[in-house]
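Colleague: Okay, handing you the structure first.
Where a number appears in this text, it was derived from the coordinates with a stated rule and is not lab data. Fair warning: this is a prediction, and the values are worked out from it, not measured in the lab. In this analysis, Cβ positions are derived from the backbone assuming ideal geometry, glycine residues included, and neighbour counts consider all displayed protein chains.
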Amino acid sequence: MDFRITEEQELFKKSVIEFAQKEIMPGAAERDEEARFDRDVWDKAAEFGLMGLPYPEEYGGSGASVFETGLAGEALGYGGLDAGFCLSWGAHVVIGGIPIWQLGTEEQKKKYLPKIASGEWITGLGLTEPEAGSDAAGLLTTAEKKDGYYVLNGTKTFITNGPIGEVFVVLAKTDKEKGAAGITGFIVEKSFPGFSVGKEIHKTGNRSSPTSELVFDNCEVPAENMLGEENQGFMGVALATLEWERSVMLAAAIGGQEVQLEQCIKYAKERKQFGRPIASFQAVQFMLADMKMWLETSRWILYKVAWNKDQGIMDPLMASVSKLFITEVALKAARNAIQIHGGYGYTKEYAVERAYRDAQLGVLGGGTSEIQRWIIGRLLVGR
Ligand SMILES: Cc1cc2nc3c(=O)[nH]c(=O)nc-3n(C[C@H](O)[C@H](O)[C@H](O)COP(=O)(O)OP(=O)(O)OC[C@H]3O[C@@H](n4cnc5c(N)ncnc54)[C@H](O)[C@@H]3O)c2cc1C
């Protein structure tokens with residue numbers, strides 16, 4: 001066992017941090033305030049090579065491992081201070097792009113992955129519906145086969161990159177009598193007749209990442225755009241993305257926790273009360289100690305999930321432990337950060353206020369904490 005990352009990986013992480021500090025961090029607070037996605041920032045990140053990291057080179061990607069893609073996420077979270085950007089990046093690279101790479105036909109991969117890898121076409125995943133959140137397999141969007149097309153009807157909600165995406169992986173019912181075993185994946189382009197972007201959703205945090213409904217009104221999807229096998233979409237997409245989502249998409253939270261701890265240490269050393277820096281009070285040191293403990297444990301759990309995936313080891317229990325632990329301690333750390341900053345932490349003057357709003361999404365999106373506990377509990381007792 002070797003707990004060190006290689007020199008090459010260290011240099012790569014450093015280069016992404018420097019890129020993020022230069023190109024993403026400036027304007028992050030304003031983008032949050034205005035709930036604005038910035039295409040220029042996206043294009044610069046694409047030019048830097050971040051949009052196709054994990055895909056094979058023949059499809060325009062870099063062939064990075066799960067672990068290395070996660071390192072990029074960690075570096076973006078640390079250097080960019082823009083959780084919204086990281087969310088849009090993760091939805092694009094992971095839950096949008098990975099299913100196409102893992103489940104797509106050769107034609108589909110050749111057609112879509114180079115555009116996704118270059119960042120030209122933004123993508124995302126359309127699973128959640130107004131009546132199907134935690135119970136995702138209870139989705140109501142239907143897909144009926146007719147004359148070489150699947151006709152989709154229904155509405156997706158909370159879709160990251162909804163307003164800006166060119167192409168989405170969408171899950172729909174092809175067999176209404178069956179639950180998860182009656183769901184099929186489709187690659188749906190924005191230009192397909194009957195597709196439209198619905199209501200935009202105004203959020204508490206991650207505000208530079210646009211979120212919306214996607215509406216399918218007799219939307220015609222060519223039969224060749226079915227992704228994977230019919231009625232295998234739910235498990236297919238879940239299996240293709242699970243560890244990617246629970247390592248790479250969480251990695252930004254680790255970088256975010258690290259930079260937040262540094263901000264807190266700096267503030268605690270500068271801020272004086274009772275004639276001394278608040279850093280000298282044991283109560284403040286205890287909060288910092290907890291933050292350090294949460295950061296280091298999160299990092300190694302995440303690295304283990306990524307490493308497992310790179311070795312071809314399936315470990316859904318550990319993937320859920322990772323999701324649950326990292327997101328819950330990130331929220332606790334964000335709360336500590338505000339507490340250490342006192343009243344000033346509760347203002348827009350310091351980034352910790354934004355980080356607290358951003359961190360709340362972690363315990364909700366991609367399967368809530370309650371659902372993760374449910375999965376872990378069931379796997380532990382075997383029922
Ligand atoms: C900013 C944002 C971005 C998102 N991006 C995407 C995206 O790109 N694509 C996509 O498809 N979805 C996306 N989602 C949807 C997200 O995955 C869902 O919000 C999430 O799965 C929870 O579903 P829900 O909001 O309907 O909550 P509900 O399922 O209604 O849950 C409400 C509460 O009930 C609890 N609960 C529900 N069932 C159980 C149970 N069996 N046992 C115990 N407690 C339970 C939940 O834990 C929660 O506390 C996004 C959501 C947000 C907020």
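Colleague: Quick one: Cα centre-to-centre distance for region 1-23 and region 158-210, in angstrom?
Modeller: 33 Å
Colleague: Can I ask one more? Rank L87, L227, L364 by mean-square fluctuation in a GNM of the chain with C-alpha springs under 10 angstrom and give only the top-ranked residue.
Modeller: L364
Colleague: For each pair in K14/K304; K13/K156; K292/K348; K14/K156, compute the distance between the two Cα atoms and list the pairs where it is over 29 Å.
Modeller: The pairs that break the limit, which is 29 Å between Cα atoms, are K13/K156; K14/K156.
Colleague: Here's another thing I want to ask about it. Normalising by the residue count of the chain, find the relative contact order in percent from Cα pairs under 8 Å and 6+ residues apart.
Modeller: 17 percent
Colleague: Scan around Y150 for amide H atoms under 5 Å from its own, H built in the peptide plane at 1.01 Å from N, and keep only partners 5 or more places away or cross-chain.
Modeller: V221, A223
Colleague: While we're on this one: Any idea what angle helix 39-48 forms with the longest principal axis of the chain, computed on alpha-carbon atoms, 0 to 90 degrees, nearest 10?
Modeller: Relative to the chain, helix 39-48 is tipped by roughly 90 degrees.
Colleague: Considering only T128, T347, T160, give the residue with the highest GNM mean-square fluctuation for the chain, with springs between Cα atoms whenever their separation is below 10 Å.
Modeller: T347
Colleague: May I pose another question? Give the angle, between 0 and 90 degrees and rounded to the nearest 10, that separates the Cα long axis of helix 233-245 from the longest principal axis of the Cα atoms of the chain.
Modeller: The two axes meet at around 20 degrees.
Colleague: Further question on the same structure: Greater than 26 Å separation of Cα atoms is the criterion. Which listed pairs, K176/K309; K109/K323; K146/K178; K203/K332, meet it?
Modeller: K176/K309; K109/K323
Colleague: Separate question: Whole Å is fine, so just give me how far the alpha carbon centre of region 312-346 lies from that of region 37-104.
Modeller: 22 Å
Colleague: Kirkwood Rh over alpha-carbon pairs of region 246-381, then Stokes-Einstein at 20 °C and 1.002 mPa s: what D in µm² s⁻¹, rounded to an integer?
Modeller: For the chosen part, D equals 136 µm²/s.
Colleague: At q = 0.07, 0.08, 0.12, 0.13 Å⁻¹, what base-10 log of I(q)/I(0) does the Debye formula yield for the chain when every alpha carbon is treated as an equal point scatterer in vacuo?
Modeller: -0.31, -0.40, -0.89, -1.04
Colleague: Turning to a different aspect of this structure: With a cut-off of at most 15 other beta carbons within 10 Å, and DSSP calling the residue loop, which trypsin sites (Lys or Arg not before Pro) in region 318-363 qualify? Please list them.
Modeller: Listed in order of number, the matching sites are K348.
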